[in-house]
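Reading through the structure tokens given below for one structure.
The values are calculated or read from the model by the stated rules, or taken from the named source; none is laboratory data. The structure presented is a predicted model; accordingly, all values stated were derived computationally and were not measured. Methodologically, a virtual Cβ is constructed for each residue, glycine included, from the backbone with ideal geometry; neighbour enumeration extends over all protein chains shown.
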Amino acid sequence: MWKFFHRLASPPHFYRLAATLIPWLMFPGLLLLAWGSYNGLFVAPPDYQQGDAYRIIYVHVPAAYLSMMAYMFMAIGGGIGLIWRMKLAHAVAAAAAPIGAAFTFLALATGSIWGRPMWGTWWEWGDPRLTSELILLFLYFGYMALRSSIDDIAKADKASAVLALVGVVNVVIVHYSVEWWSSLHQGQTILKKGGPAMDPEMLQPLLAMILGFTLIFGALLARRVRTEVLYRERRTRWVRKMVLAPEGGR
Amino acid sequence: MVDIGMGNYGIYVWVCFGLTLIIVVLSDWRARVRHKRVYRDIEVRIKALEERE
Amino acid sequence: MRRRLATERKVLTAKLSAKDLTLIRGERCLFQQLEFALDAGELLLLQGRNGSGKTSLLRAIAGLLSLESGEVHWNDVPVLSQRQEFHGAMVWLAHRTGLKGDLTPAENLHFEATLRPQSKTEIAAIYERLGIARLKRLPLRSLSAGQQRRVALARMLMADVPLWLMDEPFTNLDSDGRKLVIELTEEHLASGGLCVLAAHQEVDINATVKRVKL
Amino acid sequence: MGADIPAQPGILAGLVAITRRDLLLAWKRPGDVLNPLFFFAMVCTLFPLAIGPSPAELMFSGPGVLWVAALLASLLSLNSLFLSDHEDGSLDQWLTSPQPLPVLAIGKTLAHWLISGLPLVLISPLLAMTYRMPAGVILVLIFTLFLGTICLSLLGSIGAALTVGLHRGTALLSLLILPLAMPVLLLGANTVSLAAGNEAYATGIWALAAYAIAALSLAPYATAAALRISNE
């Protein structure tokens, strides 16, 4: 087991493994998305309260969930990198940030579009989830700004790892404080998300979408980590050998 | 046939799904482009070094 | 009296060594597979041009830089696993003195005294020796660069530690000052101390000198 | 006396010394203390000019305005927290001293709070009065600002440590710290608003106090780690 992890952490091994992994994540992910979208859009019955507008949750919920998950990847990757000095973990953290920011943006945009017919406004400060998500987007911006303003990669890795760990504690605090805050101001009824009462015909596509999104996230992450690894290892012998090999290494 | 318009909500729903598609495709495309660029830069540098030796 | 004996004993066992040190800063490899071993009473001279990595090596020894590979050992234990003990046994004279221009030498040194174990030597004697006794109530920024350097030297003399790290200690000093630095280093080595000194020129000193060329 | 080991300065001695040194430095350069204070007062003056002098509106927006102004003012002084110590080599000396770095970080943060946080708390009643805040609410404001500025100084020390030595430090620092500081602002300002509306506000105070304690026990470690990294 330990040996497996050790090999996984070796950059050339990971670089090759990720390349074979990407299609295996990408295509099932796309299939699940297609199935989930079809069933979510056309098969699942309309919600008795929100009508067809609720179908936005099929993209909003997975995006919101992945925005958190990407942040966890950043924080955990950074933590592992700091404690065990594992360079691959830092590469994962660096790669997760832009993907997480993209999904956070998507969650915000879909939440806001959903708000238009439901609340009659594009932005409702009273909704704690949207507000937390906005703060999360700012946290991503801060993280990426810090990373890009430090030239030395090793230093950037460590500094942004500290920031991500501090940020993860903050995300929890933001969540609860914003919830408290919106309860003060009698926040509007918020987006209904799942729960035991949900019709299986509605729930199944949602689960498929969540799983599909996760696989796509994995594929995107693997692709970006490959780039990070390649760049960080640009002076090593294995990269040199790969580049000079007749068939190349993509 | 199903109702594409979904009452009055169709436009919102379709925009959301469209946006999702755009963001996923764009993310993947950008990641590919970045990888190619990094690879090419490294290739150029290594080959230049190789020729000098 | 007993105190001094204790200090001497501590110093006698002291040993600074390193193996396989490699440091990469940005795009450049500053040194590779560097090694040295330094015993009590010995001076390690780091020589090299400007920008050859002398300061980086000193910073790495002090534990301020993380190395690509290799470890520095203090008494055969890796420095990073006993940071506090090691830092309690060293003092470093850096290019940037770490003294505040707004404060007087006395105020600066009063603060410094709380950071490290202090020797019993009278502070007045140290001021006298360094020739800064009459300056101690003036703001540091009103002193010349050489005088500020002497205040930084006072910090080293005040500390009761076996290991001195010195980065270009002769900068800004007049010939008297340079002689003084040599004398102080010789005394420190003679009492069983260790010293790592980075300089771009030759140092004429009466002690066992080991060299690292960068 | 323990004769066999050299006298090792105590842990608290380092904390006290570093705080004392920073206060002494601030004493010799009073501008560092006064600038954020003036900034705070001026931002608080801007708002009535922008939204009009109607007492009802001022009473309504007072807590939020005072809190946002306090947040921005404490942000203003953060950039210089470790900057001069980094530039003149003091950081190198602390990092190579046997004193535990988190303790030194607490000392620095304490000094920063005494220099830039506490004065804000002290002049806040004056500004609150111009916003027609009743005495009871002012008391709540003082208390929340007291706890809040502690939180902000602690959070800010992490950001200042992360950005020390970077070229675009100031703008970056705000970008890093503001999202982290949002819960503090939210808790503080809303607690005062609740008090102003004669509603139960104890939850906010407790939450702020909990935040301050958590920050006090965790932030110094993050600051220390960040300093080690930034000073490489």
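Summary table below
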{"quantity": "Meets criteria (free of Cβ contacts under 8 Å to residues at least 12 places away in the same chain, within 22 Å of A:THR214 (Cβ to Cβ), of a type in the set (A, V, I, L, M, F, W, C) and within 11 Å of chain D (Cβ to nearest Cβ)) for A:VAL172", "calculated": "yes"}
{"quantity": "Selected residue [within 30 Å of B:GLY10 (Cβ to Cβ), aromatic (Phe, Trp, Tyr), modelled with pLDDT of 85 or more and surrounded by 21 or more Cβ atoms within 10 Å (Cβ to Cβ)] from A:TYR71, A:TYR58, A:TYR65", "calculated": "A:TYR58"}
{"quantity": "Search result, residues across region D:74-125 that are in contact with a Gly (Cβ under 9 Å, 6 or more places away or on another chain), of a type in the set (Phe, Trp, Tyr) and part of a helix (DSSP H, G or I)", "calculated": "D:TRP94"}
{"quantity": "Set D:LEU91, D:LEU34, D:LEU12, D:LEU58: member being surrounded by fewer than 21 Cβ atoms within 10 Å (Cβ to Cβ) and within 14 Å of chain C (Cβ to nearest Cβ)", "calculated": "D:LEU12"}
{"quantity": "Number of the condition not met by A:THR104 [criteria: (1) of a type in the set (Val, Ile, Thr); (2) away from chain D (no Cβ under 14 Å); (3) farther than 30 Å from D:GLY165 by Cα]", "calculated": "(2)"}
{"quantity": "Whichever residue in region A:30-73 is aromatic (Phe, Trp, Tyr) and within 19 Å of the chain's Cα centre (by Cα) and, among such residues, is nearest to A:MET209 (Cα to Cα)", "calculated": "A:TYR58"}
{"quantity": "So D:VAL103, is it without any contact (Cβ under 8 Å) to a residue 40 or more places away in the chain, of a type in the set (Val, Ile, Thr) and touching a Leu at 6+ places or on another chain (Cβ under 6 Å)", "calculated": "no"}
{"quantity": "Among the candidates D:ALA225, D:ALA209, D:ALA160, residue that is under 30 Å from C:LEU57 (Cβ atoms), more than 10 Å from chain A (Cβ to nearest Cβ) and at pLDDT 90 or above", "calculated": "D:ALA160"}
{"quantity": "Some residue of region A:114-123 being modelled with pLDDT under 95, within 14 Å of chain D (Cβ to nearest Cβ) and touching an Asp or Glu at 6+ places or on another chain (Cβ under 7 Å)", "calculated": "no"}
{"quantity": "Pairs with Cβ under 6 Å, 6+ apart, first in region C:121-134 and touching a residue at least 40 places away in the same chain (Cβ under 8 Å), second crowded, with 17+ Cβ neighbours inside 10 Å and part of a helix (DSSP H, G or I)", "calculated": "C:LEU130/C:ARG150; C:LEU130/C:LEU153; C:LEU130/C:ALA154"}
{"quantity": "Complete set of residues in region C:76-93 that are in contact (Cβ under 8 Å) with a residue 12 or more places away in the chain and surrounded by 15 or more Cβ atoms within 10 Å (Cβ to Cβ)", "calculated": "C:VAL79, C:ARG83, C:PHE86, C:HIS87, C:GLY88, C:ALA89, C:MET90, C:VAL91, C:TRP92, C:LEU93"}
{"quantity": "Residue match in region C:158-166 (condition: under 30 Å from C:ASP204 (Cα atoms), surrounded by fewer than 22 Cβ atoms within 10 Å (Cβ to Cβ) and more than 7 Å from every other protein chain (Cβ to nearest Cβ))", "calculated": "yes"}
{"quantity": "Residue within region C:72-84 that is among the basic types (Lys, Arg), part of a loop (DSSP other than H, G, I, E, B), at the interface with chain D (Cβ under 10 Å from one of its Cβ atoms) and out of contact with any helix residue (DSSP H, G or I) (no Cβ under 7 Å at 6 or more places or on another chain) present", "calculated": "no"}
{"quantity": "Selection from region D:21-73 of residues that are on the phi < 0 side of the Ramachandran plot and part of a loop (DSSP other than H, G, I, E, B)", "calculated": "D:ARG29, D:PRO30, D:PRO53, D:SER54"}
{"quantity": "Count - residues of region C:123-160 that are within 14 Å of the chain's Cα centre (by Cα) and more than 19 Å from D:GLN93 (Cβ to Cβ)", "calculated": "0"}
{"quantity": "C:ALA106 outside any loop (DSSP other than H, G, I, E, B), more than 7 Å from chain D (Cβ to nearest Cβ), among the hydrophobic types (A, V, I, L, M, F, W, C) and without any contact (Cβ under 8 Å) to a residue 24 or more places away in the chain", "calculated": "no"}
{"quantity": "The listed residue being modelled with pLDDT of 90 or more and among the aliphatic types (A, V, I, L, M), out of C:ALA124, C:ALA133, C:ALA159, C:ALA152", "calculated": "C:ALA152"}
{"quantity": "So C:ALA125, is it more than 11 Å from chain D (Cβ to nearest Cβ) and of a type in the set (Gly, Ala, Ser)", "calculated": "yes"}
{"quantity": "D:THR170, sole failed condition from (1) within 9 Å of chain A (Cβ to nearest Cβ); (2) more than 15 Å from the chain's Cα centre (by Cα)", "calculated": "(1)"}
{"quantity": "Set C:ARG155, C:ARG137, C:ARG96: member being within 27 Å of C:LEU214 (Cβ to Cβ) and surrounded by fewer than 18 Cβ atoms within 10 Å (Cβ to Cβ)", "calculated": "C:ARG96"}
{"quantity": "Leading residue by the ranking (surrounded by the most Cβ atoms within 10 Å (Cβ to Cβ)) among those in region A:139-158 that are of a type outside the set (Gly, Ala, Ser), under 13 Å from D:LEU172 (Cβ atoms) and within 7 Å of chain D (Cβ to nearest Cβ)", "calculated": "A:LEU146"}
{"quantity": "Condition met for A:THR110 (among the hydroxyl-bearing types (Ser, Thr, Tyr), more than 18 Å from A:TYR143 (Cα to Cα) and not in a helix (DSSP H, G or I))", "calculated": "no"}
{"quantity": "Yes/no for D:PRO63 being over 30 Å from C:LEU140 (Cβ atoms) and either buried (at least 21 other Cβ atoms within 10 Å of the Cβ) or within 10 Å of chain C (Cβ to nearest Cβ) (or both)", "calculated": "yes"}
{"quantity": "Matching residues, region D:134-164, being outside any helix (DSSP H, G or I) and either out of contact with any Leu (no Cβ under 8 Å at 6 or more places or on another chain) or free of Cβ contacts under 8 Å to residues at least 60 places away in the same chain (or both)", "calculated": "D:PRO134"}
